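Worksheet: the structure to be examined is printed underneath.
The values are calculated or read from the model by the stated rules, or taken from the named source; none is laboratory data. Not measured: the values here are computed from a predicted model. Cβ atoms come from the backbone with ideal geometry, glycine included; neighbour counts cover every protein chain shown.
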Amino acid sequence: MSNKSLHQIIKSPILTEKAFGLSQIGQYVFEVDGAVNKIELAYAFEQLFPARKVLEVRTIRIPSKKKRAGRKPTYRKPYTKAVFKIEGDPIELIPGV
């Protein structure tokens with residue numbers, strides 16, 4: 001296992017319409033550390049959210065994208081996101097929703 005903390009491995013949830021639709025069927029999307037493998041991701045997720053078992057992990061690397069700030073072109077940072085398919089209690093990412 002890596003020597004990173006759980007919050008360094010699984011950084012934040014990704015809250016989009018597509019991710020919300022996936023959460024209705026027991027799949028949750030998070031931004032994760034790109035240097036960690038799927039076994040470590042599943043272990044970190046089960047430690048952060050106890051009483052839930054990870055059935056499947058899919059990872060997607062999002063490349064950097066060019067954007068503009070005035071005249072100068074800048075780049076958005078690349079990141080890695082993971083889709084966790086779980087079994088057990090649903091996760092309430094946004095309280096009250």
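Just to be sure before I move on: is residue 45 surrounded by 13 or more Cβ atoms within 10 Å (Cβ to Cβ), without any contact (Cβ under 8 Å) to a residue 12 or more places away in the chain and of a type outside the set (Lys, Arg) in the structure I sent?
Against the criterion (surrounded by 13 or more Cβ atoms within 10 Å (Cβ to Cβ), without any contact (Cβ under 8 Å) to a residue 12 or more places away in the chain and of a type outside the set (Lys, Arg)), residue 45 does not qualify.
On the given criteria, is residue 55 out of contact with any Lys or Arg (no Cβ under 7 Å at 6 or more places or on another chain) and not charged (D, E, K, R)?
Taking the combined requirement at face value, the residue does not satisfy it.
Which numbered condition in (1) in a strand (DSSP E or B); (2) surrounded by 15 or more Cβ atoms within 10 Å (Cβ to Cβ) is the only one that residue 56 fails?
(2)
Looking at the range 8-24, which of its residues are without any contact (Cβ under 8 Å) to a residue 12 or more places away in the chain and either under 24 Å from residue 40 (Cβ atoms) or within 11 Å of the chain's Cα centre (by Cα) (or both)?
Of everything in the range 8-24, just one residue is without any contact (Cβ under 8 Å) to a residue 12 or more places away in the chain and either under 24 Å from residue 40 (Cβ atoms) or within 11 Å of the chain's Cα centre (by Cα) (or both), namely 19.
Filter the range 61-75 down to residues that are part of a strand (DSSP E or B) and either loosely packed, with under 10 Cβ neighbours inside 10 Å or not hydrophobic (A, V, I, L, M, F, W, C) (or both), then give me how many there are.
Counting residues in the range 61-75 that are part of a strand (DSSP E or B) and either loosely packed, with under 10 Cβ neighbours inside 10 Å or not hydrophobic (A, V, I, L, M, F, W, C) (or both) gives 10.
Just to be sure I understand, how many residues within the range 21-41 are among the small types (Gly, Ala, Ser), in contact with a Lys or Arg (Cβ under 9 Å, 6 or more places away or on another chain) and surrounded by 15 or more Cβ atoms within 10 Å (Cβ to Cβ)?
So the answer is 1.
Name the single residue, out of those in the range 82-97 being assigned to a loop (DSSP other than H, G, I, E, B) and loosely packed, with under 15 Cβ neighbours inside 10 Å, that is modelled with the lowest pLDDT.
Per the stated criteria, the residue is 97.
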